[in-house]
Amino acid sequence: MRKYCQTLFTMLLGLAAFPSQAEVLEQSGNFGGLDVSYRVILPDDYNPEQMYPAILHFAGGSQTWNIVERSTDSDWRQGAERDGYIVISPASPNGELYFQGADRIFPDFLNYILENFPVAEGKLHVTGHSNGGLSAFHIASLYPDYFISLSGYPGLLNGSSNNRLEALRPLCIFMHVGDRDPSWRSAMQAQYQALLARDYKIHFQIEEDQTHRLDVSRDQLGGRLFAELEQSRNGCGE
């Protein structure tokens, strides 16, 4: 029987900035032999007896706790509270990134989420930006059966085999990159075109006048990210 070190504490955070006053949890557990802290954002009027779509989100940069807080607050919190999503975002447990050694927490962490949160359809949406986008593609390619959609803003599957690319075929894939981010734009566009030619369910968008760290408050990007998640629940909008 797996044992988990459970909730550190529960907080209502940022009531002035986020008037919806939904619950934000800060939790920790041991997964794959690593101690992991992770943040959970619950929707307004959360009811554990009700099913909710859920997002596994990977922060960028060094994926530390402070970056997890900033990323979930700026990119996902308001939409999740408004549209009825659970968001779960783990911080790096050991200084390694989630497309490197920290991926050892999977699939243990995925099983824990599905066992302890009321996840609609029994599958997650996985998202991430920059190093988080690389992490999202990496984990989705290893454990595709846990996911319904994959969003990198920016993000792609970097340096992996055809088998790992093939594992992404069932997923709805969404890629966003800034037009002022030339190296990522070029790599992502090449991967998009290769997968599109193989009939993957994939969408690619270059965001105008944006740099590497996409600002989701511009050009309704935040709303479009959530709209894409909803599309994935209905056949990727096809």
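Some values worked out for this structure:
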read-out: Selected residue [aliphatic (A, V, I, L, M), touching a helix residue (DSSP H, G or I) at 6+ places or on another chain (Cβ under 8 Å), open to solvent by less than 10 Å² (accessible area, probe 1.4 Å) and outside any strand (DSSP E or B)] from 56, 110, 97; value: 110
read-out: Of residues in region 126-179 being among the polar types (S, T, N, Q) and modelled with pLDDT under 95, the one nearest to residue 223 (Cα to Cα); value: 158
read-out: Failed item in (1) open to solvent by less than 50 Å² (accessible area, probe 1.4 Å); (2) more than 21 Å from residue 142 (Cβ to Cβ); (3) not aromatic (Phe, Trp, Tyr), with residue 47 passing the rest; value: (1)
read-out: Scan of region 44-54 for residues that are more than 23 Å from residue 106 (Cβ to Cβ) and in contact with a Lys or Arg (Cβ under 8 Å, 6 or more places away or on another chain), ordered by number; value: 44
read-out: Positions within region 91-150 being within 12 Å of the chain's Cα centre (by Cα) and among the β-branched types (Val, Ile, Thr), in sequence order; value: 126, 127, 139, 148
read-out: Pairs, first more than 20 Å from residue 225 (Cβ to Cβ) in region 190-204, second open to solvent by 70 Å² or more (accessible area, probe 1.4 Å), C-beta under 9 Å, six or more apart; value: 198/166; 198/169; 199/169
read-out: Condition met for residue 73 (charged (D, E, K, R), at pLDDT 95 or above, open to solvent by less than 60 Å² (accessible area, probe 1.4 Å) and under 25 Å from residue 222 (Cβ atoms)); value: yes
read-out: Scan of region 182-238 for residues that are open to solvent by less than 20 Å² (accessible area, probe 1.4 Å), within 19 Å of residue 83 (Cα to Cα) and part of a helix (DSSP H, G or I), ordered by number; value: 221, 222, 225, 226, 229, 232, 236
read-out: Selection within region 121-143 - within 12 Å of residue 110 (Cα to Cα) and either charged (D, E, K, R) or touching a strand residue (DSSP E or B) at 6+ places or on another chain (Cβ under 9 Å) (or both); value: 123, 124, 125, 126, 139, 140
read-out: Filter result for residue 82 (over 15 Å from the mean Cα position of the chain (by Cα), under 15 Å from residue 24 (Cβ atoms) and surrounded by fewer than 17 Cβ atoms within 10 Å (Cβ to Cβ)); value: yes
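The values are calculated or read from the model by the stated rules, or taken from the named source; none is laboratory data. Source: prediction; values computed, not measured. When we count neighbours, we look across all protein chains shown, and the Cβ atoms used for this are built from the backbone with ideal geometry, even at glycine. Calculation scope for accessible area: heavy atoms of the full protein, side chains included, ligands and nucleic acids excluded. Shrake-Rupley method; radii C 1.70, N 1.55, O 1.52, S 1.80 Å.
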